[in-house]
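The values are calculated or read from the model by the stated rules, or taken from the named source; none is laboratory data. Note that the structure is a prediction, hence the values are computed from the model and not measured. Cβ: placed from backbone, ideal geometry, glycine included. Neighbour counts: every protein chain shown. Heads up: the accessible areas ignore ligands, DNA and RNA and are worked out on the full protein's heavy atoms, side chains in. Shrake-Rupley method; radii C 1.70, N 1.55, O 1.52, S 1.80 Å.
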Amino acid sequence: MSQPTIESILQEDRLFPPSSEFSSQAHIKSLDEYKKLSEAAQADPEGFWSKLAETELHWFEKWDQVLDWSNPPFAKWFVNGKINLSYNCIDRHLETRSDKPAIIWEGEPGDARIITYKQLHTEVCKFANVLKSQGVKTGDRVGIYMPMIPEAAIAMLACARIGAAHSVVFGGFSAEALRDRLVDADAKVVVTADGGWRKDKIVPLKPAVDAALDAPNVPVTTVITVKRTAQDITMAEGRDHWWHDLMDAASDDCPAPALDSEQMLFVLYTSGSTGKPKGVVHTTGGYNLYAHMTCKWIFDLKEDDVYWCGADIGWITGHTYVVYGALSNGATTVMYEGAPRPSNPGAFWDVIEKYKVTIFYTAPTAIRAFIKMGDEHPNARDLSSLRMLGTVGEPINPEAWMWYHKVIGKEKCPIVDTWWQTETGGVMITPLPGATPTKPGSATLPFPGIQADIVDLEGNSVGPNDGGFLAVRHPWPGMMRTVYNNPERFRKTYWEHIPPKDGKYIYFAGDGARRDADGYFWVMGRVDDVINTAGHRLGTMEIESALVSHPAVAEAAVVGKPDDLKGEEVVAFITLEGDQAQDDALIKELKAHVVSEIGAIARPGEIRFADALPKTRSGKIMRRLLRSLAAGQEIAGDTSTLEDRSVLEKLRGEGS
Ligand code: ATP
Ligand code: MG
């Protein structure tokens, strides 16, 4: 037997079955039903997906072949099928849902808009015509650099309608980060806004576009700007246009063309937690199906739901679960411009109360921020409309899960902890809320049709509770098709890390995980972040969760620091709850706490207090930066997706 890739040291045995009240009304009502679905999908994956594609989506022409995997790792789904994602998200709902709110939008300053399916149809058709009038054709790329306003979703849907690929760049990125992405994606048009609101300030966007375009190698010839914050901006003659001017002149007649199932839908860059972001390419038909099915079954979407996914559209979660998956199901999706912020600690709960949100989906980083802001804020609002909750982005520490369960879910809402990636297009490992008993900190079981496994470097499945590499053994419709303009990087990063055997390719996700005796998956952190100490290979998640379970600790990140004796020593960076004293007594106590929770091998050699941890703009802890800091090295590698540079400066100053 080969060496374990990661060892597991933390045991969590609390179990939360869904209530019979929830189960009885759910799309998938029992673990038994889930198992039957999964077994059917395992026996005949193509039959499983094609039946759903037929019954759940509109196709202009049916496919000749469900999956073409003759040239792995390059997959084609629903070969020669003709489809239009914008049609599936809008037009097909017009008969029965034309006056139903498609988008409920709330701006950070408190302004609001409700857009019905009929109105969304008009706006998307008009903007599709605007794009065409600016020379955008099927196959072109369009950059979208916008705040969380409805026009961002309208621009995405308009691109999808005419078969132009969008590349959404998070509105908080710098001009340089924007330029890199526009150049890499070879975009000829950029859609932006004068500015957006973030944490009570105007983030100027158009000036960043101007700066990004001020270089000879940028392919953009047209900029379309929404007026949002109304500060002064400069408009370049010939290149720059106001959204409202172009929309006023545009016709609202734009029938959705039949596009190829494999038409490129978007290029989206990963969060950059582990290195330089990758330009992930998704295509139309398979992605549409996967977004639709996962959104429907995981969030148990029903006609009357008010569904709120709190992600920014600059991330894959915003693409799949704010826009496409929700609208494809004819749901009402909430878009909120604001971020969790100290000046308005109840803002999120106000949105839930105001719109009677039934489903809420957010990230562990936000949950930890809410915990820090205090229970009095959610407790002062009426959250009784909520019927289920979700989380995504990082492993959720069991204590944060318990808080979410108790304080937000009032112990009655199932929680779906959804593991997935930009690359996977949609959720891969998750509870189904009416079927799966949950365990805090576990993403539980694979979505039906997903052949997830935990393997060693040779691709052999590892035993129960052994740590290994999270991997997928069979293609799925939502899978990425390539890295934009870099098929070799695609092949190497995801498909050759575990070498293909007998022509069988295994998708390598880059995360370490274990599976318990019930078959539940526990994501233990990034493979890149594994700490090698005294002959043990430890994932980051379990040590961090042990630290967070101490009442003084708000957040924790652990990394390995080179050590002559042990190979590496565990170094923990932590932020504290409230006004705790940052003293040696607490350090001693925290070290002892880790030992009692998980054992002496995980005892941090060093604990450092921080005001904040370095995170990506999508809220993920960037351990690679902390690793350099702990080792006393200069920080190397891509930092373009770092949220707040001053966090690093501060940590550097505080380092011993
Ligand atoms: P990069 O690939 O550029 O380093 P990234 O991996 O952070 O960035 P994303 O695609 O946004 O980019 O994030 C996917 C990763 O997020 C997963 O590989 C996993 O590490 C983590 N993740 C997402 N959801 C969960 C979850 N529910 N539990 C544990 N980890 C999760
Ligand atoms: Mg990644």
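Could you give every pair whose Cβ atoms fall below 8 Å, whose first residue belongs to the stretch 419-432 and is near ligand 2 (Cβ under 10 Å from one of its atoms), and whose second residue is open to solvent by 10 Å² or more (accessible area, probe 1.4 Å) and of a type in the set (Ser, Thr, Tyr), counting only separations of at least 6 or pairs across chains?
Close Cβ pairs satisfying both conditions: Gln421/Thr270; Thr422/Tyr269; Thr422/Thr270; Thr422/Ser271; Glu423/Thr270.
Looking at the stretch 398-427 only, could you name the residues that are assigned to a loop (DSSP other than H, G, I, E, B) and open to solvent by less than 10 Å² (accessible area, probe 1.4 Å)? Before you say what the answer is, go through the steps one by one.
So in the stretch 398-427, the residues assigned to a loop (DSSP other than H, G, I, E, B) come out as 409-414, 420-421, 425-427.
Scanning the stretch 398-427 gives Gly409, Cys413, Gly425, Gly426, Val427.
Filtering the stretch 337-350 down to residues that are under 25 Å from Asn397 (Cα atoms), in contact with a strand residue (DSSP E or B) (Cβ under 9 Å, 6 or more places away or on another chain) and modelled with pLDDT of 95 or more, which residue is surrounded by the most Cβ atoms within 10 Å (Cβ to Cβ)?
If we take residues in the stretch 337-350 being under 25 Å from Asn397 (Cα atoms), in contact with a strand residue (DSSP E or B) (Cβ under 9 Å, 6 or more places away or on another chain) and modelled with pLDDT of 95 or more, then Phe348 is surrounded by the most Cβ atoms within 10 Å (Cβ to Cβ).
Within the stretch 14-72, take every residue that is β-branched (Val, Ile, Thr) and touching a helix residue (DSSP H, G or I) at 6+ places or on another chain (Cβ under 7 Å) and give me the one that is nearest to Asn84 (Cα to Cα).
Start the filter on the stretch 14-72 by keeping residues that are β-branched (Val, Ile, Thr), which leaves 28, 55, 66.
Narrowing further to those that are touching a helix residue (DSSP H, G or I) at 6+ places or on another chain (Cβ under 7 Å): 28, 66.
Details: Ile28: 28, Val66: 17 Å.
Across the stretch 14-72, the extreme among qualifying residues is Val66.
Return the residues of the stretch 487-526 that are open to solvent by 10 Å² or more (accessible area, probe 1.4 Å) and of a type in the set (A, V, I, L, M, F, W, C); say none if nothing qualifies.
Answer for the stretch 487-526, where residues must be open to solvent by 10 Å² or more (accessible area, probe 1.4 Å) and of a type in the set (A, V, I, L, M, F, W, C): Ile506, Phe508, Ala509, Ala517, Trp522, Val523.
Of all residues in the stretch 362-403, how many are within 12 Å of ligand 1 (Cβ to nearest atom) and polar (S, T, N, Q)?
4
Of all residues being in contact (Cβ under 8 Å) with a residue 60 or more places away in the chain and in a strand (DSSP E or B) in the stretch 527-550, which is surrounded by the most Cβ atoms within 10 Å (Cβ to Cβ)? Just the residue, please. Spell out the reasoning first.
Of the stretch 527-550, the ones in contact (Cβ under 8 Å) with a residue 60 or more places away in the chain are 527-530, 533-534, 536-546, 548-549.
Restricting the remaining residues to those that are in a strand (DSSP E or B) gives 533, 536-538.
Values: Thr533: 21, His536: 18, Arg537: 20, Leu538: 28.
My answer is Leu538.
If Leu383 passes every condition in (1) part of a loop (DSSP other than H, G, I, E, B); (2) in contact (Cβ under 8 Å) with a residue 60 or more places away in the chain; (3) more than 16 Å from ligand 2 (Cβ to nearest atom) but one, which one does it miss?
(2)
Within the stretch 52-75, how many residues turn out to be outside any loop (DSSP other than H, G, I, E, B) and surrounded by 14 or more Cβ atoms within 10 Å (Cβ to Cβ)? Can you show your working first?
First, the residues of the stretch 52-75 that are outside any loop (DSSP other than H, G, I, E, B): 52-56, 61, 65-71, 74-75.
In the following step, the residues that additionally are surrounded by 14 or more Cβ atoms within 10 Å (Cβ to Cβ) were identified as 52-53, 56, 65-69, 74-75.
Number satisfying all stated conditions: 10.
Does Val553 satisfy the condition of being of a type in the set (A, V, I, L, M, F, W, C) and under 23 Å from the mean Cα position of the chain (by Cα)?
Values: of a type in the set (A, V, I, L, M, F, W, C): yes; under 23 Å from the mean Cα position of the chain (by Cα): no.
So Val553 fails the test.
Within the stretch 555-573, work out how many residues are open to solvent by 10 Å² or more (accessible area, probe 1.4 Å) and on the phi < 0 side of the Ramachandran plot. Give the derivation first.
As a first pass, look at the stretch 555-573 and keep what is open to solvent by 10 Å² or more (accessible area, probe 1.4 Å): 555, 561-569.
Then drop every residue that is not on the phi < 0 side of the Ramachandran plot, which leaves 555, 561-566, 568-569.
So the count comes out to 9.
Just checking, does the stretch 453-461 include any residue being of a type outside the set (S, T, N, Q), within 15 Å of ligand 1 (Cβ to nearest atom) and within 28 Å of Ala291 (Cα to Cα)?
Filtering the stretch 453-461 for residues of a type outside the set (S, T, N, Q) gives 453-459.
Checking which are within 15 Å of ligand 1 (Cβ to nearest atom) leaves us with 454.
When the remaining residues are screened for being within 28 Å of Ala291 (Cα to Cα), the result is 454.
Yes, some residue in the stretch 453-461 is of a type outside the set (S, T, N, Q), within 15 Å of ligand 1 (Cβ to nearest atom) and within 28 Å of Ala291 (Cα to Cα).
Please verify whether Arg645 is closer than 25 Å to Gly393 by Cα, modelled with pLDDT under 90, open to solvent by 60 Å² or more (accessible area, probe 1.4 Å) and not hydrophobic (A, V, I, L, M, F, W, C), treating the condition exactly as stated.
Values: closer than 25 Å to Gly393 by Cα: yes; modelled with pLDDT under 90: yes; open to solvent by 60 Å² or more (accessible area, probe 1.4 Å): yes; not hydrophobic (A, V, I, L, M, F, W, C): yes.
Judged against the criteria, Arg645 is a match.
Please give the number of the condition Glu95 fails out of (1) closer than 19 Å to Met264 by Cα; (2) without any contact (Cβ under 8 Å) to a residue 40 or more places away in the chain; (3) open to solvent by 40 Å² or more (accessible area, probe 1.4 Å).
(1)
Out of all the residues in the stretch 602-615, is one or more open to solvent by 40 Å² or more (accessible area, probe 1.4 Å) and touching a residue at least 40 places away in the same chain (Cβ under 8 Å)?
No, every residue in the stretch 602-615 fails to be open to solvent by 40 Å² or more (accessible area, probe 1.4 Å) and touching a residue at least 40 places away in the same chain (Cβ under 8 Å).
Between Phe521, Phe573, which is aromatic (Phe, Trp, Tyr), farther than 15 Å from Ile601 by Cβ and more than 22 Å from the chain's Cα centre (by Cα)?
Working: Phe521 fails: more than 22 Å from the chain's Cα centre (by Cα).
The unique qualifying residue is Phe573.
How many residues, within the stretch 409-428, are more than 12 Å from ligand 1 (Cβ to nearest atom) and in contact with a strand residue (DSSP E or B) (Cβ under 6 Å, 6 or more places away or on another chain)?
Final tally of qualifying residues: 3.
Given the structure, is Arg481 of a type outside the set (S, T, N, Q) and open to solvent by 30 Å² or more (accessible area, probe 1.4 Å)?
Numbers: of a type outside the set (S, T, N, Q): yes; open to solvent by 30 Å² or more (accessible area, probe 1.4 Å): no.
Answer is no for this residue.
Among the residues that make up the stretch 308-322, is at least one of them touching a residue at least 60 places away in the same chain (Cβ under 8 Å), surrounded by fewer than 24 Cβ atoms within 10 Å (Cβ to Cβ), in contact with a Gly (Cβ under 9 Å, 6 or more places away or on another chain) and acidic (Asp, Glu)?
Scanning the stretch 308-322 turns up no residue that is touching a residue at least 60 places away in the same chain (Cβ under 8 Å), surrounded by fewer than 24 Cβ atoms within 10 Å (Cβ to Cβ), in contact with a Gly (Cβ under 9 Å, 6 or more places away or on another chain) and acidic (Asp, Glu).
Rundown of residues vs (1) within 27 Å of Val416 (Cα to Cα); (2) free of Cβ contacts under 8 Å to residues at least 12 places away in the same chain, yes/no style:
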position: Gln11; (1), (2): yes, yes
position: Ile28; (1), (2): yes, no
position: Pro73; (1), (2): no, no
position: Asn80; (1), (2): no, no
position: Asp99; (1), (2): no, no
position: Arg113; (1), (2): no, no
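Return the residues of the stretch 475-518 that are over 19 Å from the mean Cα position of the chain (by Cα), among the hydrophobic types (A, V, I, L, M, F, W, C) and within 15 Å of ligand 2 (Cβ to nearest atom); say none if nothing qualifies.
The answer is Phe490, Trp495.
Going by what's in this entry, would Val455 be described as more than 16 Å from ligand 2 (Cβ to nearest atom), over 18 Å from Pro395 (Cβ atoms) and among the β-branched types (Val, Ile, Thr)? Reasoning before the result, please.
Values: more than 16 Å from ligand 2 (Cβ to nearest atom): yes; over 18 Å from Pro395 (Cβ atoms): yes; among the β-branched types (Val, Ile, Thr): yes.
Yes: the conditions hold for Val455.
Do any strands (runs of 3 or more DSSP E) lying entirely in the stretch 218-309 carry at least 2 residues that are away from ligand 2 (no atom under 16 Å from the Cβ), and which ones are they?
Numbers: elements: 222-226, 240-242, 264-269, 279-283, 306-309.
In the stretch 218-309, 222-226, 240-242, 264-269, 306-309 are the strands (runs of 3 or more DSSP E) which contain 2 or more residues that are away from ligand 2 (no atom under 16 Å from the Cβ).
Could you figure out which of (1) open to solvent by 20 Å² or more (accessible area, probe 1.4 Å); (2) of a type in the set (Gly, Ala, Ser); (3) within 15 Å of the chain's Cα centre (by Cα) isn't true of Ser273?
(1)
Working only within the stretch 30-41, note down all residues that are part of a helix (DSSP H, G or I) and surrounded by 16 or more Cβ atoms within 10 Å (Cβ to Cβ). Before you say what the answer is, go through the steps one by one.
Step one: filter the stretch 30-41 for residues part of a helix (DSSP H, G or I), giving 31-41.
Matches in the stretch 30-41: Leu31, Glu33, Tyr34, Leu37, Ser38, Ala41.
Of all residues in the stretch 499-523, which are under 22 Å from Thr436 (Cβ atoms) and away from ligand 1 (no atom under 12 Å from the Cβ)?
Arg514, Arg515, Asp516, Ala517, Asp518, Gly519, Tyr520
State yes or no: is Ala339 under 28 Å from Met541 (Cβ atoms) and assigned to a loop (DSSP other than H, G, I, E, B)?
Working: under 28 Å from Met541 (Cβ atoms): yes; assigned to a loop (DSSP other than H, G, I, E, B): yes.
Yes.
Mind listing just one residue for me: the one in the stretch 577-601 that is among the hydrophobic types (A, V, I, L, M, F, W, C), touching a residue at least 40 places away in the same chain (Cβ under 8 Å) and open to solvent by less than 30 Å² (accessible area, probe 1.4 Å) and, of those, farthest from ligand 1 (Cβ to nearest atom)? Break it down stepwise before answering.
First pass over the stretch 577-601, keeping only residues among the hydrophobic types (A, V, I, L, M, F, W, C): 581, 585-587, 590, 592, 594-595, 598, 600-601.
Restricting the remaining residues to those that are touching a residue at least 40 places away in the same chain (Cβ under 8 Å) gives 590, 594, 598, 601.
Filter again for open to solvent by less than 30 Å² (accessible area, probe 1.4 Å), leaving 590, 594, 598.
On the way: Leu590: 23, Val594: 20, Ile598: 18 Å.
My answer is Leu590.
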